[in-house]
Amino acid sequence: MDSTVKCTILLILLGLVVNAFSVTDYEHCENVVKKWATNSLKHESKEDKHALKDLLFFLHVPRTGGRTYFHCFLKKLYSSSLECPRSYDKLRFDPSKEKCRLLVTHDDYSISSKLPRGRTSVVTILRNPIDRVFSTYEFSVEVAARFLVHPNLTSATQMAGRLRSKNKGVSTLDIWPWKYLVPWMREDLFARRDARKTRGTSDFTSGDPYNMEDIVMPLLNYINNPIAHEIVHNGATFQIAGLTNNSYLPESHEVRHCVDKYNNLGDYVLQVAKKRLDNMLYVGLTEDHRESATMFANVVGQQVISQLVNSNAIGKEANVNNSEQGTSFSDSELDQNTNSDEKGNETTSSDDNEVNQDNMTVEKLMDTYEVCISGLRKTQTRRRIASLKRISPANFTKEARNRVPQMVLQRIQSLNKLDVELYEYAQGIFAKQHKQAAEKLFDARTLGSIFIYWGGIKLWDACLWTMPFVLLFIFLFVNAKRRTLKLKI
């Protein structure tokens, strides 16, 4: 037989084998993902989602603004004794505390397997996926830059280890996903600084902070890195589906691997995530901050107040001491530096405004929130400025973000297709929630407890203040009319 014919036959046979293997592998992956999705949907609660249950689980998607809700809403309602212990730390999470009422964590939905079934309400906040990727990148750089006070990476790593062992609280390096993203970025920043020292130059070839490779990893490199693929992209969808690399589910790695390999299987994951959003007590949007906060106070806050008052659990521990605060740091909190200006718990600015929880109302809750969030923003801004000074002239601003090339934005969107669709779905849920809240305004039974804010002014209070003037105007107008009629007669 001619050698050419033999080679052709071998290639055909090899192609058939490879194709058969590919089909078998796809079928295997499809079965794995479908089985997980079926089991997940089967366990979804059929109970009334609008009623707050015994335990409130705040599923905190990183970089969505959940920190403000935790410190400025929930910590004003729940005393420390009602918080589930180590709620930001999977390794030390203890679900055995029977009386805990509040769980706030970056853990994904799979942690619900450890929570009381049928007695847990879930709330979350979602953010525009492109903005969330930007914010994740910026925060990774910001926190990693704090280590640049050290002469080298070894010194920084050793000091971080010593401080973490002394600190009773939980730092960002203990929390998913920062325990992966920050060390990765920290190593990269030190490598680039060492390279600049070796070259002996401080000239920079770019004025774009998102593409200043002499100082910091370019955004495009960041989003294309396997670590970002594993943790950042479609992070909200995988977190709500319970499939992050921090999942409690043993099959999560295989399901995630199959979805990454065969993109169309992501539809099953999306279906589960959407169903879980449907069943949540509250879904907020970072972009609609004001409306989301007001809705949270009325939808969640009002029920928490009623529940805790009925159980006599509110107001017992209005002031939370610092040691207890340290057990649940948020995604904006880390200090591994020796700089005293940046040392300590970031919750200080918010907790200085603790209020007496006795006789708490939605109105008082919103007033407290306004003061608290102002303090948190000042603290965050101060720390951000101090960190970014260490990688100057790289400085992340809204103006710089607007100048990022369209190609990079399109790349981020293509890598986060699941999150983009889930966010659009969440917008629909938010619109429904908003409509339901608006309808309550015309309900005489709840009107007195609903407060709408506009530009920081409560419209209900505005009505009460202006009512006497309106009545006076009507009185004068009617009397003037009567005088006019008498003159005509």
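Overview of results
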quantity	calculated
Nonlocal amide H pairs with Ile125, under 5 Å, H built at 1.01 Å	Val61, Gly284
The range 384-429 - percent of accessible surface contributed by carbon and sulfur, probe 1.4 Å	50
Whole-Å distance, taken between Cα centres, linking the range 187-263 and the range 274-294	27
Distance between modelled label sites at Val149 and Glu251, nm, 7 Å Cα→Cβ extension	4.8
Accessible area (Å², 1.4 Å probe, nearest 10) - Met295	10
Nearest-10 value in Å² for the accessible area of Tyr26, using the 1.4 Å probe	60
Using θ = phi - 60° and Karplus 6.51 cos²θ - 1.76 cosθ + 1.60, couplings along the range 48-55 (whole Hz; Gly, Pro as x)	4, 7, 7, 9, 5, 8, 4, 10
Exposure ranking of Ile385, Ile373 by accessible area [1.4 Å probe, largest first]	Ile385, Ile373
Rounded to the nearest 10 Å², the accessible area of His229 at probe 1.4 Å	70
Relative intensity, log₁₀ I(q)/I(0), of the range 206-294 from a Debye sum that treats every alpha carbon as a point, q = 0.10, 0.13, 0.18, 0.26 Å⁻¹	-0.39, -0.62, -0.91, -1.22
Karplus (6.51, -1.76, 1.60) ³J(HN,Hα), θ = phi - 60°, over the range 252-264, in Hz, Gly and Pro reported as x	4, 5, 5, 4, 5, 5, 5, 5, 5, 7, 10, 4, 5
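The values are calculated or read from the model by the stated rules, or taken from the named source; none is laboratory data. In this text the structure is predicted, and so the values were computed from the model without any measurement. For neighbour counting, all protein chains shown are included, and Cβ atoms are generated from backbone atoms with ideal geometry for every residue, glycine included. Side chains included, ligands, DNA and RNA excluded: accessible areas come from the protein's heavy atoms. Shrake-Rupley method; radii C 1.70, N 1.55, O 1.52, S 1.80 Å.
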